[in-house]
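The structure under discussion appears below in the form of structure tokens.
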Amino acid sequence: MLSSGWGRYPGIETTAHQPATRTALCRVLASTPASLIARGMGRSYGDASLAAHSVVMTRLDHFIAFDAEAGTLECSAGVTLSAILAVVVPRGWFLPVLPGTGFVTLGGAIAADVHGKNHHHDGSFSQYVDDITLLLADGSILRCSRHEHADLFHASAGGMGLTGIIVAARLRLRAITNSYIDERLLAAPDLDTTLALLTQHEQSTYVVAWLDVNQSGARRGRGIVMLGEHAATGGLETDCRRPLSVPLDMPAWLLGRPVTRAFNALYYARGARNADSHRVHYANYFFPLDALNDWNRLYGRRGFLQHQCVLPPAGAREALGEILRSVTASGLVSPLAVLKGFGAGNDNLLSFPQDGLTLTMDFAHSADSLALCVRLDDIVVAHGGRLYLAKDAAMSAATFRAGYPHWQRFQEVREKYRALGRFASLQSQRLGL
Ligand SMILES: Cc1cc2nc3c(=O)[nH]c(=O)nc-3n(C[C@H](O)[C@H](O)[C@H](O)COP(=O)(O)OP(=O)(O)OC[C@H]3O[C@@H](n4cnc5c(N)ncnc54)[C@H](O)[C@@H]3O)c2cc1C
């Protein structure tokens with residue numbers, strides 16, 4: 001079958017194994033002489049979950065243990081974050097870190113060490129994982145944590161499936177009294193105001209800015225800063241939205257310049273009008289795009305690239321200016337862009353978040369957008385930043401090595417656990433891992 005990530009670029013013919021039990025999973029590993037890679041919901045954008053042989057983990061979706069008093073949970077790696085929330089929210093518990101979609105498996109969330117709108121306060125997903133049960137290259141199953149096989153834990157959390165296959169994990173939940181978030185929107189007419197508001201409100205639990213990167217001149221970098229706090233009152237309802245679907249691939253012009261500019265202008269005006277605090281369900285707050293199934297088809301058959309970088313604080317303002325100028329100079333548009341502040345990084349060898357600002361932009365896939373990404377990568381590297389592996393489809397090995405100084409240590413851990421050559425993806429091959 002033809003397989004791709006969420007951005008639908010690149011694609012590869014894959015033999016997709018779909019074990020439903022641990023025994024079947026071990027059998028897949030034993031009977032596949034070639035290298036392989038684990039795959040969850042395929043929500044990483046580029047080629048991190050692509051290989052000639054993939055092990056799709058979504059049928060390993062069992063809840064193993066839930067302590068509703070202590071707020072701890074053990075699940076198989078194929079359970080999605082949405083499914084976890086559906087079980088724990090009615091009992092007054094929540095996941096401490098959520099990415100922008102609930103259609104992500106537990107294994108995928110750990111392998112990419114995903115972050116949310118609260119990274120500046122709460123760090124990334126793996127910081128709430130107590131231990132990981134991993135299938136290793138030799139067929140053995142090992143439990144690793146910060147205290148036991150700590151080298152394997154810190155290589156596997158954020159390690160993009162390259163140390164082994166995550167079979168299950170235990171994690172800590174956050175207590176909540178209701179399912180709702182009080183949201184406030186603050187309009188910022190230019191980049192400096194957007195940055196000032198992000199700093200001014202860094203005490204808020206959730207902070208993120210939607211950014212209009214397609215404007216130039218005085219409006220360059222205008223945005224809507226979105227603040228969120230868990231509400232004080234309300235019920236413990238779960239997500240009961242009925243998503244609509246994009247039934248077919250849309251023509252590539254749909255998200256071109258005129259529609260993107262009109263959409264961004266409307267979005268900005270709507271945000272500027274709604275400054276008062278309003279209450280939204282967690283699903284609408286954290287996963288707005290999940291209301292539209294297959295929204296990646298809006299970009300057309302050729303797919304799209306998502307570029308996400310983090311820029312250290314010292315040169316972040318200058319780098320952002322250069323990036324935004326490069327985007328407008330290219331003539332390309334990004335229908336959706338997001339800017340947020342990260343707190344300190346953690347001890348994992350390849351986790352993406354580090355102190356600074358992270359900018360995410362989408363571009364329809366073309367030779368021009370690939371060339372633009374190379375120019376953006378150069379700006380990021382020149383300012384000491386790095387790119388997110390879960391979004392990447394195109395960075396060079398040199399860009400990767402510049403951004404991830406622990407990559408050699410990562411390779412040593414892989415060698416120790418005999419993962420080199422056994423677990424590999426198109427991405428790991430491109431990056432020389
Ligand atoms: C709309 C949208 C919004 C997003 N927002 C955010 C965000 O805010 N923050 C953020 O951090 N990310 C975000 N992401 C990215 C997404 O959270 C990550 O790419 C996540 O890893 C996807 O999980 P998955 O189950 O789909 O894994 P896949 O995409 O299938 O795989 C991702 C990586 O995890 C590895 N992997 C998957 N399962 C296992 C396993 N069981 N064992 C070992 N390795 C495994 C794969 O080999 C691959 O390297 C977003 C994605 C989308 C589509």
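Annotations
- For the range 87-135, the Stokes-Einstein estimate of translational diffusion at 37 °C and a viscosity of 0.692 mPa s comes to 281 µm²/s, using the Kirkwood hydrodynamic radius over alpha-carbon pairs.
- Put simply, the convex hull of the Cα atoms in the range 1-53 casts, on average, a shadow of 3.5 nm².
- Cα extents of the range 292-372 along the three principal axes, largest first (Å): 39, 31, 21
- Working value for the range 68-165: equivalent-ellipsoid semi-axes of 23, 15, 13 Å, each the square root of 5 times a Cα gyration tensor eigenvalue, largest first.
- For the range 298-433, alpha-carbon Rg relative to the globular expectation (2.2 N^0.38 Å, N residues): 1.09
- Here the ratio of the Cα radius of gyration of the range 276-322 to 2.2 N^0.38 Å is 1.75.
- Derived scalar couplings between HN and Hα for the range 367-372 equal 4, 5, 6, 5, 5, 4 Hz in order, rounded to whole Hz, by the Karplus curve 6.51 cos²θ - 1.76 cosθ + 1.60 (θ = phi - 60°), x for Gly and Pro.
- Calculated diffusion of the range 1-160, Stokes-Einstein form, Kirkwood radius summed over Cα pairs, 37 °C and 0.692 mPa s, µm²/s: 200
- Computed from the Cβ-Cβ distance with R0 of 35 Å, the FRET efficiency linking Ala252 to His278 stands at 0.50.
- In terms of Cα atoms, the Rg and Dmax of the range 361-433 work out to 13.6, 41 Å.
- Coarse-grained scattering of the range 180-403 at q = 0.10, 0.12, 0.15 Å⁻¹, given as base-10 log I(q)/I(0) from a Debye sum over alpha-carbon atoms: -0.48, -0.70, -1.11
- Alpha carbon convex hull of the range 169-224, volume per residue in cubic angstrom: 129
- Compactness check for the chain: Cα Rg over 2.2 N^0.38 Å is 0.94.
- Between Ala291 and Arg325, the FRET efficiency from the beta-carbon distance, with R0 = 30 Å, is close to 0.35.
- Every helix of 4 or more DSSP H residues in the chain counts as -39500 (n - 2.57), and over all residues that averages to -8000 deg cm²/dmol at 222 nm.
Every number here is computed from the coordinates shown, using simple stated rules; none is lab data. Computed from a predicted model, the values in this text were never measured in an experiment. Neighbour counts run over all protein chains shown; Cβ positions are idealised from the backbone, glycine included.
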